[in-house]
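Report on the structure given below.
Laboratory data are not the source of any read-out in this text; all were calculated from the coordinates shown. For clarity, every value in this text was computed on a predicted model and none was experimentally measured. Note that each Cβ is placed from the backbone with ideal geometry, even for glycine, and that neighbours are counted across all protein chains shown.
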Amino acid sequence: MELKNAKVLVTGGSGGIGFEVAKQLIAQGAKVAICGRNQEKLDHAARSIGALPILADVSKEEDVTRMVATVIKEFGDFNVLINNAAFGFFGLLVDTPTDKFNELLATNLTGAMVTARESAKHFVSKSYGNIVNISSTAGLAGFANGTAYVATKFALKGMTECWRHELRKHNVRVMLVNPSEVQTDFVANSGRQARPQNATKLEATEIAHTIVSMLTLNDVGFITEATVWATNPQN
């Protein structure tokens, strides 16, 4: 697609991968709205790149409905969803609290579904749209301490495949991106000790570049899934 014609919603766009995607899309001429749950952080991020801020929690259905309606009203159209909002929790199965497991499901999985559902309604009505789900290499293989997070990302991959089958006939491209470890606030926000910056590991810019590249492919085709690994990460 021509990015100058893109009307984009990036969930979880006030930091990390979401913020960088929004920044790169705006630089290419797209109109971009970002959502987040912290008003101060959201407003600061939006001002710094020229995005439209929408205070919303994707785990709340009423927030999602209002958010999508706002994008359509403010931009006059809507044709790209970057389904990025998510967070992590890591611990052994025997130490995983049910409430924390359900909290991840509400944002990472149900939130992604509801946001895609409300977006798809508009895309189908226009016979055009793009959905990019941000998953993880945790959605490709499990590992110790990953029960909650891995469950959400495996499920997101499965939902992506379902939506692709349903929406392809409506000229809606449904794509999945699987980043490996990316140096953002994700680790610290999941309750683990922050790691020192490492020049051999991925930054949010690499993932954003991948997403932008996928979107710019001529609409006659699309890349169903892309997985991004660091070439030679040290430590």
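Report, by chain and number, residues whose modeled amide H sits under 5 Å from the one on Ile34, excluding near sequence neighbours (fewer than 5 apart, same chain).
The answer is Val10, Leu52, Ile54.
Distance between the C-alpha centers of the stretch 188-222 and the stretch 113-180? Whole Å please.
If we compute the Cα centre of each part, the gap is 16 Å.
Checking the cross-link filter: which lysines have an alpha carbon closer than 30 Å to that of Lys121, excluding same-chain neighbours under 8 positions apart?
The reachable lysines, counting only those whose Cα sits under 30 Å from Lys121, are Lys4, Lys7, Lys23, Lys31, Lys41, Lys60, Lys73, Lys153, Lys157, Lys169.
For the stretch 3-228, what is the per residue volume of the convex hull drawn over the alpha-carbon atoms, in cubic angstrom?
Numbers: hull volume 26.9 nm³, N = 226.
Measuring per residue, one finds 119 Å³ for the Cα hull of the stretch 3-228.
Residue farthest toward the positive end of the dipole of the chain, with Cβ of Lys/Arg at +1 and Asp/Glu at -1: which of Ala106, Leu9, Ala151?
Highest projection toward the positive end goes to Leu9.
Could you go through the stretch 207-212 in sequence order and give the Karplus-derived ³J(HN,Hα) for each residue, using 6.51 cos²θ - 1.76 cosθ + 1.60 with θ = phi - 60°, rounded to whole Hz, and x for Gly and Pro?
The phi angles translate into 6, 4, 4, 4, 5, 4 Hz.
Less than 12 Å Cβ to Cβ from Asn235, Lys/Arg counted +1 and Asp/Glu -1: what total charge do the surrounding residues give? Let's see the in-between values first.
Values: positive: Arg195, Lys201; negative: Glu181.
Counting the neighbours of Asn235, the net charge comes to +1.
Go ahead and set up a Gaussian network model of the chain, Cα springs under 10 Å, then flag whichever of Thr98, Thr65, Thr137 fluctuates most.
Fluctuation is largest for Thr98.
Shape verdict for the stretch 76-151, please, from the Cα gyration tensor: rounded (a/c under 1.5), prolate (a/b greater than b/c) or oblate.
Details: a/c = 4.03, a/b = 2.47, b/c = 1.63.
Note, shape of the stretch 76-151 comes out prolate.
If I take every Cα pair under 8 Å that is 6 or more residues apart in the chain, average their sequence separation and divide by the length, what percent do I get for the relative contact order?
Details: 451 pairs, mean separation 47.3, N = 235.
Averaging sequence separation for qualifying contacts and normalising by length gives 20 percent for the chain.
Name the most mobile residue of Gly191, Gly12, Gly111, meaning the one with the largest mean-square fluctuation, in a Gaussian network model of the chain with Cα contacts below 10 Å.
Gly191
Which one, Leu167, Leu217, Leu25, has the greatest fluctuation when you compute a Gaussian network model over the chain with C-alpha springs under 10 angstrom?
Comparing Leu167, Leu217, Leu25 in the GNM, the peak value goes to Leu217.
Hey, what did the stretch 1-54 get for relative contact order, percent, Cα under 8 Å, at least 6 apart? Spell out each step's value before the answer.
Details: 95 pairs, mean separation 19.4, N = 54.
Taking the mean separation of contacting Cα pairs over the length of the stretch 1-54, I get 36 percent.
Quick one: dipole size for the stretch 3-228, taken about the Cα centre, charges +1 on Lys/Arg Cβ and -1 on Asp/Glu Cβ, in debye to the nearest 20.
Numbers: 23 positive and 21 negative charges, 99 e Å.
Using Cβ point charges on Lys, Arg, Asp and Glu, the stretch 3-228 gives about 480 debye.
If we count other beta carbons within 10 Å of each Cβ, what is the order of Asp77, Asp95, Asp63, fewest first?
Working: Asp77 14, Asp95 10, Asp63 19.
By the 10 Å Cβ count, ascending, the order reads Asp95, Asp77, Asp63.
Before rounding to the nearest 500, sum -39500 (n - 2.57) across all DSSP H runs of length at least 4 in the chain and divide by the residue total; then give [θ] at 222 nm in deg cm²/dmol.
Taking each H run of at least 4 residues, the total per residue is -13000 deg cm²/dmol.
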